[in-house]
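*Asks:* One structure coming up, written as structure tokens, with questions to follow.
The values are calculated or read from the model by the stated rules, or taken from the named source; none is laboratory data. None of the values given here were measured: they were computed from a predicted structure. No Cβ is skipped: glycine too gets one built from the backbone with ideal geometry, and neighbour counts run over all protein chains shown. Ligands, DNA and RNA are excluded from the accessible area calculation, which covers all protein heavy atoms including side chains. Shrake-Rupley method; radii C 1.70, N 1.55, O 1.52, S 1.80 Å.
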Amino acid sequence: MKALVLHGDYDIRVEDRPVPSPGPSDVVVAVIATGICGSDFHGYSGENGRRHPGQIMGHETVGRIQSVGSAVTGLDAGQLVTINPMMVCGSCDVCLAGRGQWCGRRVVLGVTPEPPAAFADLVAVPATNIVVLPESMPAELGALVEPMAVGYHAVRRGGIAADDRVLVIGGGPIGQACLMAARREGVTAVAVSDISPSRRALCARLGANVIDPIESDLATATAEALGGPATLVVDAVGISRTLEDAFAASGLGARIVLVGMGAPRVELPAYAVSTEERTLVGSFTYTAEEFAATAAWVGTVPEGIEALIDGRVGWDGAPKSFDDLARGRTSASKILVFPQGPPATEAGS
Ligand SMILES: [Zn+2]
Ligand SMILES: [Zn+2]
């Protein structure tokens, strides 16, 4: 089978690899499409140190079941599925409490060097990581379930309520997912701040008030757009500057969710936490329950969601897409790699 293999910094190649050898509890999925995540192309460039030479990445995927192991029940060949990439032990205290994202034996498909992940014709995973999707949805949207689940978990970590005034800092794929999740939770006052005009245009299309933080003072613009300072901020960038903005644009007692991983260390305005009683919470991935709920929600084809996919390539275009994303040479937000080639209607685009 063909797979996309990371060789080193700025070096990724399409190569022949052995087909996966699944165990009795595994399912083999024939990949339809896999999304390129920011963590993938920052791993490709070596910037984040979170990917490894020899690795087959890919954790945002959709496909059809090709075969099921002898011990697998309730799943059949041909079903449209996505994969929850969080492979957890399932038996420790946090797993039993439904918080698999804290499992000490956690392996994240496409992030850890092994097992080989979804930038491949075929991928094998435990049956417990398979989530079935409705046939009625456009198949490619299944690749958005994973990033959408990240956004859903982030707003829930912030204790989101319908009457919140929500500011999302950063309008990339995770910021877009937070915006969609806020709207899914019934929030009407949502603003997204991003320096990129194309990302602002996309977020505006998804129903957000959009703010250019270079042109305008973010705190003032947020209060104007939302009718007051933000009560909940999601920082989908995660550097000192954006956290500073999160505190400045939010009111006393606000909750600030740090989901972006832009820098390993940040500086905080300490008194904006202590004397003004803001709460800073971290967010990473999602629970299995949130992933399944998000898959069901994506299956309803929420309005505007198709706009989140703005690039489609086959194997031949995949290395260049990684390079363009890593070097900031494209305004595309989410590019999907289709092992069988992109859908015919998109050919040449
Ligand atoms: Zn990702
Ligand atoms: Zn566990």
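*Asks:* With the requirement that a residue be within 15 Å of residue 222 (Cα to Cα) and either at pLDDT below 95 or not aliphatic (A, V, I, L, M) (or both), what does the stretch 236-254 give you?
*Replies:* Of everything in the stretch 236-254, those that are within 15 Å of residue 222 (Cα to Cα) and either at pLDDT below 95 or not aliphatic (A, V, I, L, M) (or both) turn out to be 242, 244, 245, 247, 250, 251.
Rundown of residues vs (1) free of Cβ contacts under 8 Å to residues at least 12 places away in the same chain; (2) assigned by TED's automatic domain parsing to the domain that holds residue 96; (3) open to solvent by 20 Å² or more (accessible area, probe 1.4 Å), yes/no style:
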{"residue": "242", "(1), (2), (3)": "no, no, no"}
{"residue": "271", "(1), (2), (3)": "yes, no, yes"}
{"residue": "277", "(1), (2), (3)": "no, no, yes"}
{"residue": "296", "(1), (2), (3)": "yes, no, yes"}
{"residue": "301", "(1), (2), (3)": "no, no, yes"}
{"residue": "305", "(1), (2), (3)": "no, no, no"}
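*Asks:* Go through 13, 64 for me and flag whichever is open to solvent by 50 Å² or more (accessible area, probe 1.4 Å), outside any loop (DSSP other than H, G, I, E, B) and under 16 Å from residue 318 (Cβ atoms).
*Replies:* The match here is 13.
*Asks:* Would it be correct to say that residue 143 is closer than 14 Å to residue 291 by Cβ and in contact with a helix residue (DSSP H, G or I) (Cβ under 8 Å, 6 or more places away or on another chain)?
*Replies:* no
*Asks:* Moving to a separate point now. How do the pairs read when you match residues in the stretch 97-117 that are within 17 Å of residue 83 (Cβ to Cβ) and within 13 Å of ligand 2 (Cβ to nearest atom) with residues anywhere that are among the small types (Gly, Ala, Ser) and open to solvent by 20 Å² or more (accessible area, probe 1.4 Å), using Cβ under 7 Å and keeping only pairs 6 or more apart or on different chains?
*Replies:* These pairs meet every condition: 100/288.
*Asks:* Among 170, 175, 142, 158, which is the only one that is under 15 Å from the mean Cα position of the chain (by Cα) and farther than 20 Å from residue 298 by Cα?
*Replies:* Within the list 170, 175, 142, 158, the selection yields 170.
*Asks:* So, of the residues in the stretch 1-10 that are among the hydrophobic types (A, V, I, L, M, F, W, C) and touching a Lys or Arg at 6+ places or on another chain (Cβ under 7 Å), which turns out to be most open to solvent (accessible area, probe 1.4 Å)?
*Replies:* Looking at residues that are among the hydrophobic types (A, V, I, L, M, F, W, C) and touching a Lys or Arg at 6+ places or on another chain (Cβ under 7 Å), I get 1.
*Asks:* Going through the stretch 307-332 one residue at a time, which ones are touching a residue at least 40 places away in the same chain (Cβ under 8 Å), open to solvent by 60 Å² or more (accessible area, probe 1.4 Å) and in a helix (DSSP H, G or I)?
*Replies:* If the condition is that a residue be touching a residue at least 40 places away in the same chain (Cβ under 8 Å), open to solvent by 60 Å² or more (accessible area, probe 1.4 Å) and in a helix (DSSP H, G or I), then 316 is the only one that fits.
*Asks:* For the stretch 198-226, what are the residues that are touching a Lys or Arg at 6+ places or on another chain (Cβ under 7 Å) and open to solvent by 20 Å² or more (accessible area, probe 1.4 Å)?
*Replies:* Hits for the stretch 198-226 are 207, 210, 212.
*Asks:* Find the residue count for the stretch 241-280, including only residues that are among the β-branched types (Val, Ile, Thr), in contact with a Leu (Cβ under 7 Å, 6 or more places away or on another chain) and assigned to a strand (DSSP E or B).
*Replies:* Total meeting the criteria: 1.
*Asks:* Provide a single number: the residues in the stretch 175-197 that are open to solvent by 50 Å² or more (accessible area, probe 1.4 Å) and part of a helix (DSSP H, G or I).
*Replies:* 3
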